[in-house]
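Enquirer: One structure, as structure tokens, below. Some questions next.
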Amino acid sequence: MRPVLIKGAGVVGLVTAYELARRGIEVDVVEQAQHIGAGASWFAGGMLAPWCERESADEKVERVGAAAIEWWKAALPGKVAQEGTLVVAAARDTRELDRFATRTTGHRWLDAEEIAELEPDLAGRFARALYFPREAHLDPREALSSLGDTLMAMGVRFHFGQATDATVSHRFDWRIDCSGRARLPDDAALRGVRGEMLYLRTGDIQLSRPVRFLHPRHPLYVVPRRQGLFMVGATMIESETCGPIAARSLMELLNAAYALHPAFGEAEITETGTGVRPAYPDNLPRITRSGSTFCVNGLYRHGFLLSPALAHDVAECLLSPNHQSEFHDEA
């Protein structure tokens, strides 16, 4: 098989490149930006949380996404923290916890003492919580950079600053389009869902795992990074518009973070960001084929969670023509 061309160096493109390269297939990756992860992947939360996501997602997300934790641990040893997820709510919103519990599995209830044992800096703030012990998280930027280095060591060739393969000398039997939001004008079924986030830095609170703070209108999650840095997200706005974070979203995220712990009120805002995540009407991804081109798109808010399964299916489709993917959708 001649080299395969992958368009897009976000999480889907990189994971697909890895699945092909480890099967011995030569891979070229073209990316219109000047570096890896220039799109929505760069602003992701990095939560590998299939059981929590089941609260609002199809059962396929839970079932398929559960395997992603082991995939990332194997691909990037030492980069995945499997400390679970903690889900809490303010006293006036405890019904949100009950609702969340009825829509999910893989959790157990914690009382105030158990919460304090798990996250000492949240001691006395919540009477009960849900704990999802099997879930994990990673730093998306670190993961993308490390995966890029791994791919180059495996012989994958990257071509930055170009949108097509016009200047690539190789001829390709197959092309795999993983270009995300760039496909919005060409796929009428896709829509854009804008996510907004921010980074806070403080030494006054420590968390060991992602914490989801439930609210009827403004739920948020806080994901710990290194050196007192926390990623706070994320809004979901039906919009294809990029640009700076909206004032309302910034206030809502900050207010919710402060409600989780007052220490965030004194934190330094080190960064804000937005990303547009492509989604299909059912919020599930699709693998479509047209001739010698596969398109992998529509991962919505589940890029890191579902990319391994989609990449596996694409690789199997190339090597085994009779392979049946549950994500496949004929163009």
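Enquirer: Over the chain, with the other protein chains present, what is the accessible area per residue in square angstrom, probe 1.4 angstrom?
Expert: Details: 14450 Å² over 331 residues.
For the chain, the per-residue accessible area is 44 Å².
Enquirer: Along the charge dipole of the chain, pointing to its positive end and built from +1/-1 on Cβ of Lys, Arg, Asp and Glu, which listed residue (A166, A21, C178) has its Cα farthest out?
Expert: A166
Enquirer: May I pose another question? Helix-only estimate, please: 222 nm mean residue ellipticity of the chain, summing -39500 (n - 2.57) across DSSP H runs of length 4 or more and dividing by its residues, to the nearest 500.
Expert: Details: 9 runs with 91 residues, N = 331.
Using -39500 (n - 2.57) per qualifying helix, the result is -8000 deg cm²/dmol.
Enquirer: Within the P(r) computed for the stretch 64-213, what percentage of the Cα pairs occupies the region above 25 Å?
Expert: Beyond 25 Å sits 53 percent of the P(r) for the stretch 64-213.
Enquirer: Would you please calculate the Kirkwood hydrodynamic radius of the chain over all C-alpha pairs and express it in Å, rounded to one decimal?
Expert: Working: mean 1/r = 0.0489 Å⁻¹.
About 20.5 Å for the chain.
Enquirer: Assigning unit charges at the beta carbon (Lys, Arg +1; Asp, Glu -1) and nothing else, what dipole magnitude in debye, to the nearest 20, does the chain show about its Cα centre? Walk me through the numbers on the way to the answer.
Expert: Values: 36 positive and 43 negative charges, 55 e Å.
Dipole about the Cα centre, nearest 20: 260 debye.
Enquirer: Ratio of Rg to Rh for the stretch 11-139, alpha carbon only, Kirkwood? List each step's numbers first, then the result.
Expert: Details: Rg = 18.0 Å, Rh = 16.9 Å.
Result: Rg/Rh = 1.07.
Enquirer: Kindly identify the stretch 1-46 as rounded, prolate or oblate by the Cα gyration tensor criterion: order the square roots of the eigenvalues as a ≥ b ≥ c, call it rounded if a/c is under 1.5, otherwise compare a/b with b/c, prolate if a/b is larger, else oblate. Show your work: numbers first, answer last.
Expert: Numbers: a/c = 3.85, a/b = 1.75, b/c = 2.20.
In terms of gyration-tensor shape, oblate.
Enquirer: Angle between the Cα long axis of helix 247-260 and the longest principal axis of the chain, 0 to 90 degrees, nearest 10?
Expert: 50
Enquirer: Once the piece of chain linking H328 and R22 is laid out straight, how much longer is it, given 0.36 nm per residue of separation minus the C-alpha distance between them?
Expert: On the way: separation 306, 0.36 × 306 = 110.16 nm, distance 2.22 nm.
Going from the current span to full extension adds 107.9 nm.
Enquirer: Let me ask something additional. How many percent of DSSP beta bridges within the chain run antiparallel, rounded to 5?
Expert: Numbers: 41 of 60 bridges.
Counting DSSP beta bridges with both partners in the chain, the antiparallel share is about 70 percent.
Enquirer: Hey, any idea what % of the stretch 1-123's accessible area is carbon plus sulfur with a 1.4 Å probe? Don't skip to the answer; put the middle values down first.
Expert: Details: 2410 of 5160 Å².
Using a 1.4 Å probe with all protein chains present, the stretch 1-123 comes out at 47 percent carbon and sulfur.
Enquirer: What area, in nm² and to one decimal, does the C-alpha convex hull of the stretch 221-331 cast on average over all directions?
Expert: Working: hull surface 37.9 nm².
It is 9.5 nm².
Enquirer: At 7 Å along the Cα-to-beta-carbon direction for both R92 and R128, put a label point, then send me their distance in nm to one decimal.
Expert: 2.0
Enquirer: With the calculation restricted to Cα positions, what are the radius of gyration and Dmax of the stretch 102-163 in angstrom?
Expert: 20.2, 55
Enquirer: Work out from phi, with θ = phi - 60° and the Karplus expression 6.51 cos²θ - 1.76 cosθ + 1.60, the ³J(HN,Hα) of each residue of the stretch 307-317, listed in order in whole Hz, and give x for Gly and Pro.
Expert: Karplus-based 3J(HN,Hα) across the stretch 307-317 equals 4, x, 5, 5, 5, 4, 5, 4, 4, 5, 5 Hz.
Enquirer: Another question, if that's okay. At a 1.4 Å probe radius, carbon and sulfur cover how many percent of the accessible area of the stretch 155-200?
Expert: Working: 1000 of 2100 Å².
The C+S portion of the solvent-accessible surface of the stretch 155-200 is 48 percent.
Enquirer: At what distance in nm do the modelled label points of A166 and H215 sit from each other, each positioned 7 Å from its Cα along Cα→Cβ?
Expert: 4.7
Enquirer: Kindly state, to the nearest 0.05, the FRET efficiency for A153 paired with E70, given R0 = 35 Å and r defined as their beta-carbon distance.
Expert: On the way: r = 22 Å, r/R0 = 0.62.
Step by step, r from the Cβ atoms, then E = 0.95.
The values are calculated or read from the model by the stated rules, or taken from the named source; none is laboratory data. Owing to the predicted nature of the structure, the values given are computational and were not obtained by experimental measurement. Note that we place each Cβ from the backbone using ideal geometry, even for glycine, and neighbour counts take in every protein chain shown. Areas reflect the complete protein model, heavy atoms only, side chains present, ligands, DNA and RNA absent. Shrake-Rupley method; radii C 1.70, N 1.55, O 1.52, S 1.80 Å.
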